[in-house]
Amino acid sequence: MEKKVYIETYGCQMNVADSEVVVSILSDNGYEYTENINEAELILINTCSIRENAEQRVWGRLKAIGHLKKKKPGLLVGLIGCMAERLKENILEKEHLVDMVAGPDAYRALPLLINDAGSGHKAVNVLLSQEETYADIAPVRMDRNGVTSFVSIMRGCNNMCAYCVVPYVRGAERSRDPESVLGEVMELIKSGYREVTLLGQNVDSYKWEINGERTGFPELLEKVAQADPLLRVRFSTSHPKDISDDLLRVISKYDNICKHIHLPAQSGSNRILKLMNRKYTREWYMDRIRAIREIIPECAVSTDMIAGFCTETEDDHRESLSLMEWSEYDFAYMFKYSERPGSGAARKYPDDVTEETKARRLNDIISLQNKLSTKSKKKEVGRIFEVLIENQSKRSADHLTGRTSQNNVVVFPADGHEKGEYVNVLIERCTSATLIGKIVAIRI
Ligand code: SAM
Ligand code: SF4
């Protein structure tokens, strides 16, 4: 009988995609995936190190799983992903909650590590690789809706933003063979998926060269868009220093490439952007937003903002707010700066903004974004959008939910429709996070 593996995923979409690779590797090695933690013989926690509170959450969870371990002798627990890479064998030594540790480039070694751990040996592999992209592994899809999915196109990052731990825990940037990306996309289409999100820490620096033929991100995106006009294509994340007009023209050319760009600014102050090693200025960033508005007028734009980075003053903070106001973001992820041991900022700059000031500035940023999000949603009321249905609404079985090309969530009465279908929805009202409407027969 096959053994059962349960996997819990924290952090970004990249980790979600990695968990699917891990389940694929384990299912070739005698494990069956279960959604029920109580019936698992192996529990894996795929972790995130991006901020301290992400790590705290994992420790809390491991303690809870420790109780299960006591009740079930032989149960193995593995810590995988970014925290495994950051803390390495110290996790096994310091905490007896974990039997094995595997970094993001060591997932092929998991069957061996499980064997070692099962026979009571130390099981750690945190070697980073220059080549590993798991290109040949067909991920086992664990998403529930069967409509939208992620495809990882590259791994690692070379950017060395001063606050960020990603280059250290996920290694150097490497791109995946475009043929294998397209192969995975075709498989998804065959299985009925209607949307893919191409994932990388900086998709604009995707590159692949074979026999003198160079594929950059605009070319890759175009090939994926051409695979099926009924497949929606999204991507994340773009880096403001690298996003090109060529890419914007490809997005504008294809109806099935979604009109949404996540373009994290992080700060609006040139002094802070320089300390962050982001390699662009406020003016450069604004020029990129202007180019988006000009080439793709209907494009939604979202951002990530960090409040209270090292040495940030009230003036710097006001610059962040004014950039947000100018950019009129449709959506934002907003964070308090969290010092990460080993990062450039931790080595070079004092984490000198008090917790209280970070919290207040983050609040300013959140309240401003609430205003901008409400404005962005209100302007859609009265318009008709094509919506890809993703699921039943959580609040009502008679309602469905899906997203517009601009990534706005829409809720509407089902009217006999099902997930995976495209419908046209007239937006009748909104909250700051959701559009609410009804299906109409009119073509857009
Ligand atoms: N590669 C993407 C990029 O450059 O935007 C995403 C990187 S990270 C997974 C997602 C976001 O977390 C970043 O854009 C940044 O806003 C935030 N972040 C990263 N390190 C952080 C830190 N030390 N403290 C607070 N926020 C952080
Ligand atoms: Fe981190 Fe910067 Fe790389 Fe994004 S681009 S993963 S923020 S180092």
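Listing for the model above:
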| read-out | value |
| --- | --- |
| Yes/no for G420 being on the phi > 0 side of the Ramachandran plot and either without any contact (Cβ under 8 Å) to a residue 24 or more places away in the chain or in contact with a Gly (Cβ under 8 Å, 6 or more places away or on another chain) (or both) | yes |
| Tally, over the range 126-154, of residues that are in a strand (DSSP E or B) and either of a type in the set (F, W, Y) or more than 19 Å from P264 (Cβ to Cβ) (or both) | 4 |
| Any helices (runs of 4 or more DSSP H) falling wholly within the range 309-407 and containing at least 1 residues that are within 16 Å of ligand 1 (Cβ to nearest atom), closer than 30 Å to R290 by Cα and at pLDDT 95 or above | 314-327, 355-378 |
| Residue within the range 361-384 that is farther than 30 Å from T404 by Cα, surrounded by 13 or more Cβ atoms within 10 Å (Cβ to Cβ) and free of Cβ contacts under 8 Å to residues at least 60 places away in the same chain present | yes |
| Residue that is farthest from K336 (Cα to Cα) [pool: residues in the range 385-395 that are touching a residue at least 24 places away in the same chain (Cβ under 8 Å) and surrounded by fewer than 19 Cβ atoms within 10 Å (Cβ to Cβ)] | E386 |
| E294 being in a loop (DSSP other than H, G, I, E, B), out of contact with any helix residue (DSSP H, G or I) (no Cβ under 8 Å at 6 or more places or on another chain), modelled with pLDDT of 95 or more and away from ligand 2 (no atom under 16 Å from the Cβ) | no |
| In the range 230-283, residue farthest from D352 (Cα to Cα) [restricted to those that are within 16 Å of ligand 1 (Cβ to nearest atom), within 19 Å of the chain's Cα centre (by Cα) and not in a loop (DSSP other than H, G, I, E, B)] | R234 |
| Residue satisfying all of: in the range 242-292; of a type in the set (S, T, Y) and touching a residue at least 40 places away in the same chain (Cβ under 8 Å); surrounded by the fewest Cβ atoms within 10 Å (Cβ to Cβ) among these | S244 |
| Top-ranked residue in the range 321-339 [being surrounded by 15 or more Cβ atoms within 10 Å (Cβ to Cβ) and among the small types (G, A, S); ranked as farthest from ligand 2 (Cβ to nearest atom)] | S327 |
| Members of the range 186-205 that are acidic (D, E), away from ligand 1 (no atom under 16 Å from the Cβ) and not in a strand (DSSP E or B) | E187 |
| In the range 304-320, the residues that are more than 16 Å from ligand 2 (Cβ to nearest atom) and among the acidic types (D, E) | E312, E314, D315, D316, E319 |
| Residue within the range 173-185 that is surrounded by 15 or more Cβ atoms within 10 Å (Cβ to Cβ), touching a Lys or Arg at 6+ places or on another chain (Cβ under 6 Å) and in a loop (DSSP other than H, G, I, E, B) present | no |
| Residues that are under 18 Å from the mean Cα position of the chain (by Cα) and within 16 Å of ligand 2 (Cβ to nearest atom), drawn from the range 194-229 | L198, L199, G200, Q201, N202, V203, D204, S205, Y206, F217 |
| Every pair of residues 6+ apart whose Cβ atoms lie under 7 Å, when the first sits in the range 222-234 and is touching a residue at least 24 places away in the same chain (Cβ under 8 Å) and more than 10 Å from I251 (Cα to Cα) while the second is of a type in the set (K, R) and not in a strand (DSSP E or B) | L230/R194; L231/R194; R232/R194 |
| Count of the range 34-87 residues which are among the small types (G, A, S), within 16 Å of ligand 2 (Cβ to nearest atom) and either touching a strand residue (DSSP E or B) at 6+ places or on another chain (Cβ under 6 Å) or without any contact (Cβ under 8 Å) to a residue 60 or more places away in the chain (or both) | 2 |
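Quick grid of which residues meet (1) β-branched (V, I, T); (2) at pLDDT 95 or above; (3) surrounded by 19 or more Cβ atoms within 10 Å (Cβ to Cβ):
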{"position": "I91", "(1), (2), (3)": "yes, no, yes"}
{"position": "E95", "(1), (2), (3)": "no, no, no"}
{"position": "Y107", "(1), (2), (3)": "no, yes, yes"}
{"position": "L112", "(1), (2), (3)": "no, yes, no"}
{"position": "R155", "(1), (2), (3)": "no, yes, yes"}
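The values are calculated or read from the model by the stated rules, or taken from the named source; none is laboratory data. The structure displayed is predicted, hence computed values, not measured ones. In this analysis, Cβ positions are derived from the backbone assuming ideal geometry, glycine residues included, and neighbour counts consider all displayed protein chains.
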